[in-house]
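Each value in this text was obtained by applying a stated rule to the coordinates, not by laboratory testing. The shown structure was predicted, so the numbers you read here are calculated from the model rather than taken from an experiment. All Cβ positions, glycine included, derive from the backbone under ideal geometry; neighbour counts span all protein chains shown.
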Amino acid sequence: MNKQRIKILLFGLFAVIVIALVNRKEKVDQPNILWLTCEDISPYFSFYGDSTAQTPVLDKLASSSLVYDNAFATVGVCAPSRSSIITGMYPISIGTHNMRTGRDYAGWGTRVYNGDSEAKDINGTPISHYSAVIPSHVKCFTEYLRAAGYYCTNNAKTDYQFAPPVTAWDASGNDAHWKNRKDGQPFFAVFNHEVTHESRMWMNKNLEMTVNPDSVPLPAYFPENPIVRQDVARNYSNIELLDAQIGERLTELEEAGLLENTIVFFYSDHGGPLPRGKREHYDSGLKVPFIVSFPKSIRGDRVNELISFVDLAPTILSLAGIEPPAYMQGQAFLGKFKSETKRKYIYGSGDRFDEYPDRIRSIRDSQFMYVRNYHPELPAYKDVAYRKNMDMMNELIKLNNNNELNPEQAYYFRTTKFEEELYNCKADPFQLNNLIEDNTFEPKISELSYAMDNWLIEVRDMGAMPEAEILNNMWPKGIQPQTEKPSISINDEIIQIECTTEGASIAYISSKTELEPNLDSGWQLYHKPIENKNASFLYVLANRIGYKDSEIVKIDLLKIK
């Protein structure tokens, strides 16, 4: 074999190695990411010191995961909280802070939210159902993943305060699954588990109780009472059901041979679901269980840093090797673009909850929580009708009306509020002892109040504006705006698509056969010019979040050729 031929073979071998290394790097930079989310759960797990519920699956996962001890939702209720998760923005900054805006929370943009509602804003003006129109530059973060090649699925809840655009997910619904992706395609998949939702407190009422009511711990704000114990035990029993469901998802991943390239998240969308939990701005409403499992992770690592749900979007992009857009208000706490500075504060908010308006803002550091009540004349307790499906809630109301609650238990039902509140969360984990009038803490009060002022200015808090005015700005004269129809140009088999609506995203389907597009799946994200690869028909639509979808444009590509 001559030297020239040896050189050619060596060069070829070198090229193969380089390509292999490049491909290997791409796989490392684009891990699969799986979210196993649940609803309405505080840190009621053994890895947080509460062994009441038996959760072997999550205990095992936590033993080889990063366990975050200070993870917080932005709002203590589903839809506003989820709006911050999907956008990386505070709800008060994008107009998604009032719970709830629409009936069909899982609907696409073509489904109109307008209709009757019992809600009223702070001035008593009736509020119709609507899909929130958020700032034009803000996207669902999954669009950035899709543009980078990820297959993104959501099974099945959205509940963002706006109808999610078709560009957000490759598939969303009960059949959405990572297994439907292309071979070798990285995925970001969400599986939401509703078994711990507040509604399951009464929907699962007749299911077998797997936790003994006599053995459950009661926080200081609950009285010793058999009905209270029964519902607390139901909550723990639901958590045991959740553990089994999480086990099924992890088994599915393992059997597919994907554990070694999948980062697994487990968390709840906020605290709760018991009274004085969900809908509250205290730890009982905002603090959540949160674990992240990396392949071959260090066992049992605890993470004390503060993280907020606005940090989730930039963190997932960072883990996928995508630089988070500058507009996002969160900061990445993992991955390639991890923030160099850790959070000093967590911010929370509470505005309208169903039929009861209010405006509350909170800030928390590692020890203290400061609360500002903009309507101290309103009761602390909100008599939300939905919550009164729970036996325990009605029992607490009765006990309070009969003056049978001690001061700590009656604190939840106070008829007016202080303008400000301060709590030492380490000494007072249930936030029952307001220190605002203790001069000893004046420096801390000043610090947190000043930090809150700066935050509210920075995020441009929309909470001071009556919701009726916000709605009129979003939907002028009560009419939902519609995205303009996209325009399409084709030159040398290259297809370019544009839309004149500011902030619109564009989706398309290219097909060899004529079809009626399904709005629940099949749409591809348009993010760069596309090639016409033997397709016969092209379907295009545009959407801006909060707007109606545009008309679908159908192009017969064969006629153009």
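Observations, loosely collected:
- Loop-located trypsin sites (Lys or Arg not before Pro) in the stretch 227-307 whose Cβ has at most 14 other Cβ within 10 Å (DSSP): K296, R299
- Relative contact order %, the stretch 165-248, counting alpha carbon pairs below 8 Å whose residues are six or more apart: 29 percent
- Secondary-structure-derived ellipticity at 222 nm for the chain, considering helices only, amounts to -7500 deg cm²/dmol, per-run term -39500 (n - 2.57) for DSSP H runs with n ≥ 4.
- Antiparallel bridge percentage (DSSP; both residues within the chain; nearest 5): 65 percent
- Measuring between their Cα centroids, the stretch 187-202 and the stretch 159-182 lie 16 Å from each other.
- For V459, net neighbour charge (Lys/Arg +1, Asp/Glu -1) across residues whose Cβ lies under 12 Å away: -1
- Efficiency of FRET from Cβ geometry, K182 and S536, R₀ 30 Å, rounded to 0.05: 0.90
- Debye log10 I(q)/I(0) at q = 0.20, 0.23, 0.24 Å⁻¹ for the stretch 482-560, Cα point scatterers: -0.85, -1.11, -1.20
- Largest-first principal axis extents of the Cα set of the stretch 262-369 (Å): 44, 32, 27
- Of H177, H137, H193, the sequence from fewest to most neighbouring Cβ atoms within 10 angstrom is H137, H177, H193.
- Entry note, the stretch 482-560: relative contact order of 36 percent, from Cα contacts under 8 Å with a spacing of 6+ residues.
- Straight-line cross-link reach from K278 at under 17 Å between alpha-carbon atoms covers these lysines, not counting any fewer than eight positions away in the same chain: K287, K382, K388.
- Sparse-neighbourhood loop sites, trypsin sites (Lys or Arg not before Pro) in the stretch 166-228 - DSSP loop, at most 16 other Cβ within 10 angstrom: K182, K205
- Stokes-Einstein translational diffusion, the chain - Kirkwood Rh over all Cα pairs, 1.002 mPa s, 20 °C, in µm²/s: 85 µm²/s
- Spin-label zone in the stretch 378-401 - amide nitrogen under 18 Å from a point set 7 Å from the Cα of K205 along the C-beta vector: 384-399
- Here is the list for the stretch 353-387: chymotrypsin sites (Phe, Trp or Tyr not before Pro) lying in DSSP coil, each with at most 16 other C-beta atoms within 10 angstrom of its C-beta, are Y374.
- Each Cα pair under 8 Å and six or more residues apart adds its separation to the average, and for the chain the resulting relative contact order is 20 percent.
- Cα centroid of the stretch 372-399 to Cα centroid of the stretch 437-481, whole Å: 23 Å
- Equivalent ellipsoid semi-axes, the stretch 34-344, via Cα gyration tensor eigenvalues times 5, rooted, Å: 28, 26, 19
- The overall shape of the stretch 360-477 is oblate: from the C-alpha gyration tensor, with semi-axes ordered a ≥ b ≥ c, the ratio a/c is 1.5 or greater and a/b is no larger than b/c.
- Neighbour-count order for R82, R146, fewest beta carbons within 10 angstrom listed first: R146, R82
- Axial C-alpha extent at least 27 Å, average Kyte-Doolittle at least 0.0 - helices from the chain (DSSP): 3-29
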